[in-house]
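See below for the structure under consideration.
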Amino acid sequence: MELEEIILRLKEIISQTLQTKKIYDKDVALALELDPQYFAVIKKRKKIPFEAIAYFSHRSHENMDWILFGNNNNKI
């Protein structure tokens, strides 16, 4: 599980919501309800914000398995 891949999948979801092609890390941070400066720190340290992603997944009705692993399979 790579943070950069997770961020790319989050950007894909956010771009559909905002209907814009360019999504910045600030947009991802705000979607995860994290401070953009804090998000920059955890990105640099390659720490995955699991709790924030779980809440985002629930709010946006997106499959958390897909966000974390890129797995499109809906089976558990």
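Assorted remarks:
- Single residue of LYS22, LYS47, LYS75 found to be surrounded by fewer than 16 Cβ atoms within 10 Å (Cβ to Cβ), modelled with pLDDT of 95 or more and part of a loop (DSSP other than H, G, I, E, B): LYS47
- Residue ID - modelled with the lowest pLDDT, chosen from residues in the stretch 8-19 that are under 15 Å from SER60 (Cα atoms) and among the hydrophobic types (A, V, I, L, M, F, W, C): LEU18
- Going through (1) out of contact with any Ser or Thr (no Cβ under 7 Å at 6 or more places or on another chain); (2) surrounded by 13 or more Cβ atoms within 10 Å (Cβ to Cβ); (3) assigned to a helix (DSSP H, G or I) one by one, THR17 falls short only on (2).
- Residue ID - nearest to LEU10 (Cα to Cα), chosen from residues in the stretch 25-44 that are assigned to a loop (DSSP other than H, G, I, E, B) and out of contact with any Pro (no Cβ under 7 Å at 6 or more places or on another chain): GLU33
- Neighbours by Cβ (under 6 Å, 6+ apart or cross-chain): first from the stretch 27-42, more than 17 Å from ARG59 (Cβ to Cβ); second assigned to a helix (DSSP H, G or I) and not small (Gly, Ala, Ser): PRO36/LYS26
- Test: residue in the stretch 52-59 that is over 16 Å from GLU4 (Cα atoms) and surrounded by 18 or more Cβ atoms within 10 Å (Cβ to Cβ): yes
- Residue within the stretch 62-69 that is surrounded by 13 or more Cβ atoms within 10 Å (Cβ to Cβ), touching a Phe, Trp or Tyr at 6+ places or on another chain (Cβ under 6 Å) and outside any helix (DSSP H, G or I) present: no
- Restricting the stretch 51-74 to residues that are out of contact with any helix residue (DSSP H, G or I) (no Cβ under 8 Å at 6 or more places or on another chain) and hydrophobic (A, V, I, L, M, F, W, C), the residue that is farthest from THR17 (Cα to Cα): PHE69
The values are calculated or read from the model by the stated rules, or taken from the named source; none is laboratory data. What you see is a predicted model, and the numbers here were worked out from it, not measured in a lab. Methodologically, a virtual Cβ is constructed for each residue, glycine included, from the backbone with ideal geometry; neighbour enumeration extends over all protein chains shown.
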